[in-house]
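Scroll down for the structure; my scribbles are underneath it.
The values are calculated or read from the model by the stated rules, or taken from the named source; none is laboratory data. Everything numeric in this text was worked out from a predicted model, so none of it was measured. Glycine gets a Cβ as well: all are built from the backbone with ideal geometry, and neighbour counts include every protein chain shown. Surface accessibility is based on the protein's heavy atoms, side chains included, excluding ligands, DNA and RNA. Shrake-Rupley method; radii C 1.70, N 1.55, O 1.52, S 1.80 Å.
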Amino acid sequence: MKLHQDQPDSINTVTGYGADHVLINKVRHDGNLILTAERIVADWAPGGFAGLSADDLAQVCSVDVEIVLIGTGARQRFPSPALLRPLIDARIGFEIMDLPAACRTYNVLVGEGRSVAAALLFDPAQQA
């Protein structure tokens, strides 16, 4: 699906996505990543959803945002509450949703100037 970019080029927005990729400011990125308005952290959570660890979510805390949208691939899946402990301890709000919803919600929140990150996971069979 293609999304239209209405933000300045200096702000990272999702301009499209598919089963195996996301377009950020019209540049294709394959694989799991963390996205903020200013940064892209590639090669995040190499084990995907099945291998997601507390250390992976602790890495999300390091991007210093108020809310994290965790996109769990083609369908919404909930990680174990124990894995979410780093976000809870850091008092960072989070929402779990499928990847397309996370991309759309991220764009809305970043467009409002909110301090948000999208932690995006692709399904292993669909990764490039």
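Would you list THR72, THR105 from the most to the least accessible area, probe 1.4 Å? List each step's numbers first, then the result.
Working: THR72 0, THR105 50 Å².
Putting THR72, THR105 in descending order of accessible area: THR105, THR72.
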Checklist outcome for this item: Which of (i) 50, 43, 23; (ii) 63, 35, 24; (iii) 37, 32, 21 is the computed Cα extents along the principal axes in Å? It is (iii)
Checklist entry - Across the range 111-118, in residue order, what do the Karplus-derived ³J(HN,Hα) couplings come to in whole Hz, using 6.51 cos²θ - 1.76 cosθ + 1.60 with θ = phi - 60° and x for Gly and Pro? => result x, 7, x, 6, 8, 9, 10, 10
Next on the checklist: With every protein chain left in place and a probe of 1.4 Å, what is the accessible surface of LEU83, to the nearest 10 Å²?
Outcome noted: 40
Next on the checklist: Compute the distance from the alpha-carbon center of the range 32-69 to that of the range 72-116, in whole Å.
Outcome noted: 10
Checklist outcome for this item: Given a Förster distance of 25 Å, the FRET efficiency implied by the Cβ-Cβ spacing of ARG75 and ARG114, rounded to the nearest 0.05, works out to 0.50
Item to check | In order through the range 61-67: 3J(HN,Hα) via Karplus (6.51 cos²θ - 1.76 cosθ + 1.60), integer Hz, x for Gly, Pro | outcome: 4, 6, 7, 6, 10, 8, 9
